[in-house]
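No lab work stands behind these numbers, since they all come straight from the coordinates. Owing to the predicted nature of the structure, the values given are computational and were not obtained by experimental measurement. Virtual Cβ from ideal backbone geometry, glycine too; neighbours counted across all protein chains shown.
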Amino acid sequence: MVAPRYFVPLAVVVLTAAGFAIAATRWTVWIMVPVLLLTLWDFLQGRHALRRNYPLIARVRWLFEDLRPFIRAYVVESDREGRPFTIDERGLVYARAKGEVSTHPFGTELDVYSDEYEWLGHSITPTEEAPDTWHVRIGGESCTRPYHSALLNISAMSFGSLSANAIQALNKGAAMGGFAHDTGEGSISRYHRIHGGDLIWEIGSGYFGCRHRDGSFNEELFAQQAASDQVRMIEIKLSQGAKPGHGGVLPGAKVTEEIAEARKVEVGEDCLSPAAHSTFSTPVGLLEWVEQLRDLSGRKPVGIKLCVGQPHEVFALVKAMVETRITPDFIVVDGAEGGTGAAPQELTDNVGMPLREGLILMRNALVGTGLKDRVRLGASGRIHSGAGMARAFALGADWCNAARAFMFSLGCVQSMKCHTGDCPTGVATQVGWRQKGLVVDDKAERVARFQKETLKALREIVVAMGYDSPWDLTQHDIYQRIDSARAGAIDEVYRFLQPGELLRAPEQTQYARSWRVSRADTFRRVL
């Protein structure tokens, strides 16, 4: 009996021989000979067992693996099943970016009696007197050059992860719309500078753009870069939602001349981002570095970004603020649901606090220590709509950032190829011919239009709720299912602290244990 692994090669050999025997047409020969050679190669190679046992046809599996994300997204999934973003969610961004109608017919498709439905309470007397736009002043008493920020800005995405054309389009869109563009930890590239849009310069543990050859922080380089009028704020990245507590390496093979120029490394040299910073190791040390950067930057706003992990570390930080009277000008909370590029699967799925819980914890830490008036609070993590922004404001945010939503405005189709360099729309790739599909001028208009229309949607919600500004929203305005029989305001699920409560009576709060084991001179738990 012939073993199954011989069936395909024998069949291909027979068919090829038959084709020659009957004087097959030229095109048949051109097809069958390469197929025969490919089949024999699979049959004889010893690396892949599946191809060796099932030559040629095993390759069909690879084909469907490549096509699976597209088949699932466009054929199998319903409008609300896709992840990380559903077709409906992406469609909303596309419509706003293109200037198309973003309305929906025939009512909501959500099951309003399940826990998937969460609502904002509207008013019987909406107010049309709300301003058309709002800005938030970022920069405390220590700043002489505060930044009046838009309420929706582009979150951190580095050149190198995104293409040159994508960076240009984002920055030009930011310049057109009057909002800010976060550089990501890859620092300021030549493509960030072409169109002059406002920049938030993010500094990670690799100190790219302001480092010595050994990877340590370089004060002189920092001061030179920060002096640019285009740089409006400095953001210290402690962690990010997709891979909190994890460093990274950009292999030297991917470090081009342009990337090396931006990051201040050598062409072809590995770019290492350690898991932790080397400039500080304690809460007080972090705040002293914040103050140093503020001085070196010419008194521009300096803040931090983090995905919340251990609550006691947050309380250690606010205790240090109380003791030293040094405060960052802002804190951006990045939710664990965030993420634009490559990250270890296990960290993405299992590590880090979601935006809602992280934002509430940070809000409570600042309010509970009487610091909220001195520190602006940003929210980032899967925000793509005016409703999402309204929820963030109700939980304590002062403004919002978005990353993937702006990628969608550039034309991203969620092909899940960000980490391979094979992005089909030229957004997340360094391959020249793929980038050419992304036309900077056209996509910049879409970026600006999406931001404008989303803020317009936020205003419509604020007006419908009877408020004059999004900062009037509170936890009492968000309702959700508590169980199958009850619904209530979100403060029936989460406790929101009163001003100074952590200083007056920490043992009476839900954070008593974490507060007790935190100390200003260490991020470690003190037992």
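Going by Cα centres, segment 172-191 and segment 481-527 are how many Å apart?
36 Å
Restrict the search to segment 420-506; then list the trypsin sites (Lys or Arg not before Pro) that DSSP places in a loop and that have at most 14 other Cβ atoms within 10 Å of their Cβ.
Details: sites: Arg434, Lys436, Lys443, Arg446, Arg449, Lys452, Lys456, Arg459, Arg481, Arg486, Arg495, Arg504; in loops: Lys436, Arg486, Arg495.
Answer in residue order: Lys436, Arg486, Arg495.
Could you compute the FRET efficiency for Phe64 and Glu269, with r as their C-beta to C-beta distance and R0 at 25 Å, rounded to 0.05?
For R0 = 25 Å, the calculated efficiency reads 0.05.
Run through the DSSP bridge list for the chain and note the antiparallel percent, rounded to the nearest 5.
Details: 14 of 42 bridges.
Among the beta bridges of the chain, antiparallel pairing accounts for roughly 35 percent.
Starting from the amide H of Cys271, placed 1.01 Å from N in the peptide plane, find each other amide H under 5 Å away whose residue is 5 or more places distant or on another chain.
For Cys271, whose amide H was placed from the backbone, the distant partners under 5 Å are Leu250, Gly252.
Quick one: Karplus J couplings for segment 433-450, per residue in order, coefficients 6.51, -1.76, 1.60, θ = phi - 60°, nearest Hz, x for Gly and Pro?
Taking θ as phi minus 60°, the curve returns 5, 6, 5, 5, x, 9, 8, 4, 4, 5, 6, 4, 4, 5, 4, 5, 5, 4 Hz for segment 433-450.
When only DSSP loop residues count, what chymotrypsin sites (Phe, Trp or Tyr not before Pro) in segment 112-220 have their Cβ near at most 14 other Cβ atoms within 10 Å?
Those that pass, being in a loop and sparsely packed, are Tyr113, Tyr117.
Are there GluC sites (Glu not before Pro) in segment 184-233 that DSSP marks as loop and that have at most 15 other Cβ atoms within 10 Å, and which are they?
Loop-located and lightly packed - none at all.
Over all pairs of distinct alpha carbons, what does the Kirkwood formula give as the hydrodynamic radius of the chain, in Å?
Details: mean 1/r = 0.0394 Å⁻¹.
Answer for the chain: a Kirkwood hydrodynamic radius of 25.4 Å.
Go through segment 232-244 residue by residue and turn each phi into a ³J(HN,Hα) via Karplus (6.51, -1.76, 1.60, θ = phi - 60°); whole Hz please, and just put x for glycine and proline.
The phi angles translate into 9, 8, 10, 10, 8, 8, 8, 6, 9, x, 5, 8, x Hz.
Pop a pseudo-label 7 angstrom from the Cα along the beta-carbon direction at both Glu507 and Asp468 and give the gap in nm to one decimal.
Going from the Glu507 label point to the Asp468 one covers 4.3 nm.
Taking amide H positions as placed in the peptide plane 1.01 Å from N, state which residues far from Thr429 in sequence (5 or more) or on other chains have amide H under 5 Å from it.
Ser163
Over the residues of segment 267-421, compute the C-alpha Rg and express it relative to 2.2 N^0.38 Å.
The value comes to 1.13.
Given the C-alpha centroids of segment 67-143 and segment 252-276, what is the distance between them in whole angstrom?
Distance between centres, Cα-based: 37 Å.
On a 0 to 90° scale, report how tilted helix 26-44 is relative to the longest principal axis of the chain, with both axes built from alpha carbons and the result rounded to the nearest 10.
That works out to roughly 70 degrees.
What are the residues whose amide H is under 5 Å from the amide H of Lys237, where those residues sit 5 or more places off or on another chain and H is modelled from the backbone?
Amide H neighbours of Lys237, under 5 Å, 5+ apart: Ile203, Gly204, Lys305.
Over segment 389-479, what lengths in whole Å, largest first, do the semi-axes of the equivalent ellipsoid take, defined as the square roots of 5 times the eigenvalues of the alpha-carbon gyration tensor?
Rounded to whole Å, the semi-axes are 35, 14, 8.
Restricting to DSSP H runs of at least four residues, report the calculated mean residue ellipticity at 222 nm for the chain, -39500 (n - 2.57) per run over all residues, nearest 500 deg cm²/dmol.
Mean residue ellipticity, 222 nm, calculated: -11500 deg cm²/dmol.
How large are Rg and Dmax for segment 235-351 when only the alpha carbon atoms are used, in Å?
Using the Cα atoms of segment 235-351, the pair Rg, Dmax is 16.0, 47 Å.
Once you list every other residue whose beta carbon is under 12 Å from the beta carbon of Ala180, what net charge do they have if Lys and Arg are +1 and Asp and Glu are -1?
-3
Read phi for every residue in segment 195-205 and hand back ³J(HN,Hα) as whole Hz from Karplus 6.51 cos²θ - 1.76 cosθ + 1.60, θ = phi - 60°, with x for Gly and Pro.
Ordered by residue, 3J(HN,Hα) equals 9, x, x, 4, 10, 9, 8, 8, 10, x, 6 Hz.
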